[in-house]
Structure formats: structure tokens, C-alpha cells
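Reading through the C-alpha cells given below for one structure.
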Amino acid sequence: RSNPFNVDALNWFIDHVLPLLNKDIRICVIGRICNRIPDHDSIEKFFFVDNLKDYYHKSKIAICPMLGGTGIKIKVVEALSFGIPVVGTDKAVDGFFQKTGNGCQVSDDPQKFADMIMQLNSDPALYEKQKEDAIRFFKNNFTEDKAIELWKSILN
């Protein structure tokens with residue numbers, strides 16, 4: 001069974017954003033959610049993969065079109081750990097203390113969401129800046145050393 005927030009998010013993306021994208025943009029979807037979304041020429045579905053790392057290394061941009069739910073989105077943090085810029089809705093950065101300069105571009109407007117994907121895909125300077133922001137934000141907030149530092153500050 002797929003998380004209903006994930007299903008709603010992906011259906012919003014497919015219905016409202018995907019039609020606005022260039023046809024040469026390929027979207028990779030991995031997991032059981034593939035059972036809950038329609039087939040589309042621009043979407044590659046993988047119901048199960050042995051190693052997500054292989055797919056992250058092949059990806060240029062991650063998307064997080066979440067419309068509901070709470071808390072940090074682990075897939076956003078995971079993408080940032082690989083230095084992959086994220087395009088998401090406001091919910092994509094839930095739980096982040098730093099809402100900008102974090103490797104994520106954010107909008108709940110379908111046209112702006114699509115524009116951000118296309119701009120990252122076509123502007124090498126912007127892409128590199130977002131990639132650098134993603135790496136820096138991850139290192140400053142989510143590494144093992146940062147977690148230990150946080151726990152020590154809480155326990156003292």
C-alpha cells in the first residue's frame with residue numbers, strides 16, 4: 001500500500017506539472033507507488049531496485065511535489081546527500097531551519113514548478129550553484145558529526 005500523501009503528490013505532478021515540461025525530460029519513479037500512477041511516455045517506472053544509489057548517480061534533479069504530510073522528507077535529504085538539486089513544493093522543506101540556499105527550489109504553483117525544472121536542466125551555472133548549495137546544506141545539517149553535536153547539546 002502506498003502512502004496517500006505520496007500518491008496525491010505524484011498525481012498532482014502528473015496532472016498539473018508534467019504537461020508543462022519539455023517532452024525530452026525523463027522522470028524516474030521507484031517503488032510501490034508505481035502501481036498507483038498512470039503510464040506516461042515521460043515516466044520510467046521501477047517497482048523495485050537493488051540499489052537506489054545507482055539511480056541517484058544517474059539523476060540530475062530530484063522532485064518532491066508533496067502537498068500534505070509533516071516533517072522532514074527523507075528523500076529530499078537523501079537527494080541532497082548526493083548533491084542533487086531538488087525542486088519541490090513548500091512541503092519539501094518542512095523541518096528545514098534554512099528555507100533557502102539549501103539546494104531546493106520551491107513553489108506550489110505548477111507553472112513555476114515546471115519552469116524551475118526546465119531552468120535547472122538548461123542553465124549550467126544555476127545547476128552548479130544549486131548542487132553546491134545542496135552539498136553544503138547537507139554537510140552543515142545532516143552528517144553524522146552534526147547529529148552527534150546536536151545530541152550532545154541536547155543532553156548537556
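Okay, here's what the table says:
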item: Placed amide H near GLU44: partners under 5 Å, 5+ positions off or other chain; result: ILE27, CYS28, VAL29
item: Accessible surface of the range 29-156, 1.4 Å probe, proportion on carbon and sulfur as whole %; result: 53 percent
item: Choice from ALA114, ALA125, ALA79 with maximal GNM fluctuation in the chain (Cα, 10 Å cutoff); result: ALA125
item: Charge context of LYS73, other residues only, Cβ under 12 angstrom, K/R +1, D/E -1; result: -1
item: Nearby lysines by direct alpha-carbon distance to LYS99 (threshold 22 angstrom, same-chain neighbours under 8 apart not counted); result: LYS60, LYS73, LYS75, LYS91, LYS112, LYS129, LYS131, LYS139, LYS146
item: Label-point separation, ILE25 to PHE5 (7 Å along Cα→Cβ), nm; result: 2.4 nm
item: Global form of the chain, assessed from the alpha-carbon gyration tensor, a/c cut-off 1.5; result: prolate
item: Two-site FRET efficiency, ASP15 against ASP90, from Cβ-Cβ distance with R₀ of 22 Å, rounded to 0.05; result: 0.75
item: In sequence order, calculated HN-Hα J values of the range 33-41 (Karplus, 6.51, -1.76, 1.60; Hz; x Gly/Pro); result: 4, 4, 5, 9, 10, x, 5, 8, 4
item: Cα centroid separation - the range 79-108 against the range 1-72, whole Å; result: 16 Å
item: Candidates per chymotrypsin sites (Phe, Trp or Tyr not before Pro) in the range 102-156, loop by DSSP, up to 16 other Cβ within 10 Å; result: PHE142
item: The chain: calculated mean residue ellipticity at 222 nm from DSSP helix runs of at least 4, using -39500 (n - 2.57); result: -13000 deg cm²/dmol
item: Neighbour count of at most 16 Cβ within 10 Å plus DSSP loop: longest trypsin sites (Lys or Arg not before Pro)-free window in the chain; result: 100-156
item: Difference of contour (0.36 nm per residue) and Cα-Cα distance, LYS146 to THR100; result: 14.6 nm
item: Rounded accessible area per residue of the chain, 1.4 Å, Å²; result: 60 Å²
item: Anisotropy class of the range 1-75 from Cα gyration tensor, a/c 1.5 cut; result: rounded
item: For the range 70-139: rounded, prolate or oblate by the Cα gyration tensor [a/c cutoff 1.5]; result: oblate
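The values are calculated or read from the model by the stated rules, or taken from the named source; none is laboratory data. Since the structure is predicted, the reported quantities are computational estimates derived from the model, not experimental observations. Note: ideal-geometry Cβ built from the backbone for every residue, glycine included; neighbour counts use all protein chains shown. Please note that ligands, DNA and RNA were not included when accessible areas were found on the heavy atoms of the full protein model with its side chains. Shrake-Rupley method; radii C 1.70, N 1.55, O 1.52, S 1.80 Å.
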